[in-house]
1. Out of Arg311, Arg254, Arg260, report the one residue that is closer than 16 Å to Met14 by Cβ and in contact with an Asp or Glu (Cβ under 8 Å, 6 or more places away or on another chain).
2. Testing Leu125 on (1) of a type in the set (A, V, I, L, M, F, W, C); (2) under 28 Å from Ala61 (Cβ atoms); (3) modelled with pLDDT of 85 or more, one condition comes back false. Which one is that?
3. Among the candidates Ala272, Ala267, Ala238, single out the residue that is in contact with a His (Cβ under 9 Å, 6 or more places away or on another chain), not assigned by the TED database to the domain that holds Ala16 and not in a helix (DSSP H, G or I).
4. State all residues of segment 206-232 that are more than 17 Å from Val195 (Cα to Cα) and not in a loop (DSSP other than H, G, I, E, B); if no residue qualifies, say none.
5. Does Val36 count as within 13 Å of the chain's Cα centre (by Cα) and of a type outside the set (Lys, Arg)?
6. Considering each of Ala61, Ala116, Ala74, Ala95 in turn, give the residue that is outside the structural domain of Val326 (by the TED database), touching a strand residue (DSSP E or B) at 6+ places or on another chain (Cβ under 7 Å) and on the phi < 0 side of the Ramachandran plot.
7. Where residues in segment 55-85 are assigned to a helix (DSSP H, G or I) and among the polar types (S, T, N, Q), which of them is most open to solvent (accessible area, probe 1.4 Å)?
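The values are calculated or read from the model by the stated rules, or taken from the named source; none is laboratory data. Since this is a predicted model, take the numbers as computed values, not measurements. Virtual Cβ from ideal backbone geometry, glycine too; neighbours counted across all protein chains shown. Calculation scope for accessible area: heavy atoms of the full protein, side chains included, ligands and nucleic acids excluded. Shrake-Rupley method; radii C 1.70, N 1.55, O 1.52, S 1.80 Å.
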Amino acid sequence: MSAEYATFGLAPAMRAGGVLANGDYRVHRDFVDFIVDGRPLLFQLSDLDAVSPLASDVPPAIFTAQVRGLLLEADAPLTGGRYVIYGCPECEDLACGAVTAVIQKDGDDYVWRDFAWQTEETADLERNGYHGIGPFRFHGPGYRGALRSLLDGADPSARRRVLLIGARVAVLAKLAAALRTIGIGAEITHDATDVPADELRTYGAVAFGRAVGEEERAAVRRAFEHAGVEVAYVDGLAPIIPLLVAQIESALDRSPAARRRLTRLVAVDGEAGIEITSTCRVQVTAYRLDRLYRTHTYEVFDGILPAGRHRIAVNERARKGESFVVARSSGTVLVEPMTA
C-alpha cells in the first residue's frame, strides 16, 4: 500500500436535472463531493452519472449516518468493509450500480482502497475493479475535520427553490411544474416586496420573463438586498420550457469553474464550441422559435468526448430565426443564444 498522502476535502456539487429533448426528466440532486488532491474524485471515474451518499435531500438522520460511516464510527453497509462512494442519482438501489471502496484506519490515517463498480452484495475486483484509482491515504485530523464539519451545523444543501416572475402565467405554471418534477421548488409571484425576508432566504435563483420591465426587476433586486440574500438572476431567453429549465439549472450551479466538467459554451456562426475538463458524455441540443412562435427541438450531438476544446456543427435548420443551444454533462448545464 502506498505510503504517500493525498489531500482530502469536500465541496458542494450537483447532478444537473432537466427536461430532455425526448421529453424525459432527469432529477436534480445537490450533494457534497469528495475532493482528492484538489480535484473531484468523481472526475477520475470517466463518464459516470452518480452522486455521493452525502446528498442534500436525504433525511438528516440518514445523512448523519452516512457521515459517521465514512468516519468508521458505524459498521460498513456492505461485506468486506466496503462503503458506497457514489451511487445512482435516481434511486438507492445497489442493483443500479455503485462505486464502492474499502475504508479502513491505519494508525491515525484513513485509507480508501480497492475501488470497484458493484451491483451485488460482493464486489468482483478482478472484473469490475477500478485498478488505476487509489489507494488514497488521508491524514486523520484533516479527514475527520472535513467530515465532522458537516455534523457541526454546516448546511450541505443548496437553496433549491426558484422564484418565477413574468407576465405569461401559463408559461410560468408549466415551468414551475417542470422544475418541481425534477426536484427544484418553484413559486410564482408578480411582486416580491411583501415577501418575508425569511422566505426570500430560501431561494437560490430568480427567473424573469422577457416581458418584465427594468423597474419591476429593480424592485425585486432591492427586496433581496434588504433581506441580505445573494441569489442568481436569470433572464429567460424564450418561452421554451426545456430551455428555461436549463437556464435555471445553470444558475443554481455555484461550484467553481475548475471543478466542473463542462466549463465553456460558445454558440456562433453555426457551431457550438465547448470545453470540458475530463472525459465525459456531452449532449448538445438546439431549440428555435419559428415565425409563429412554435418550438422546434434538434438533437445536435450526444457522445463521449475527451478533455479539451471541441467544435460541433449545428445544422442550418436548427439555426433559422431565434435559436439557442444547450450543452450538458452529468453535472453541468450551459446555455447560449446562437449568434451570427
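1. Arg260
2. In the conditions (1) of a type in the set (A, V, I, L, M, F, W, C); (2) under 28 Å from Ala61 (Cβ atoms); (3) modelled with pLDDT of 85 or more, Leu125 misses (2) alone.
3. Working: Ala267 fails: in contact with a His (Cβ under 9 Å, 6 or more places away or on another chain); Ala238 fails: in contact with a His (Cβ under 9 Å, 6 or more places away or on another chain).
When all the criteria are applied, what remains is Ala272.
4. Glu214, Glu215, Ala232
5. no
6. Result of the check over Ala61, Ala116, Ala74, Ala95: Ala116.
7. From segment 55-85, those assigned to a helix (DSSP H, G or I) are 60-70; that's our starting set.
Next, only the ones that are among the polar types (S, T, N, Q) stay: 64, 66.
On the way: Thr64: 48, Gln66: 69 Å².
The extreme case among them is Gln66.
Let's see how each residue does on (1) open to solvent by less than 30 Å² (accessible area, probe 1.4 Å); (2) closer than 16 Å to Gly183 by Cα; (3) among the acidic types (Asp, Glu):
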site: Ala6; (1), (2), (3): yes, no, no
site: Ala13; (1), (2), (3): yes, yes, no
site: Gly17; (1), (2), (3): yes, yes, no
site: Leu20; (1), (2), (3): no, yes, no
site: Asp30; (1), (2), (3): yes, yes, yes
site: Leu41; (1), (2), (3): yes, no, no
site: Ser46; (1), (2), (3): no, no, no
site: Asp49; (1), (2), (3): no, no, yes
site: Pro53; (1), (2), (3): yes, no, no
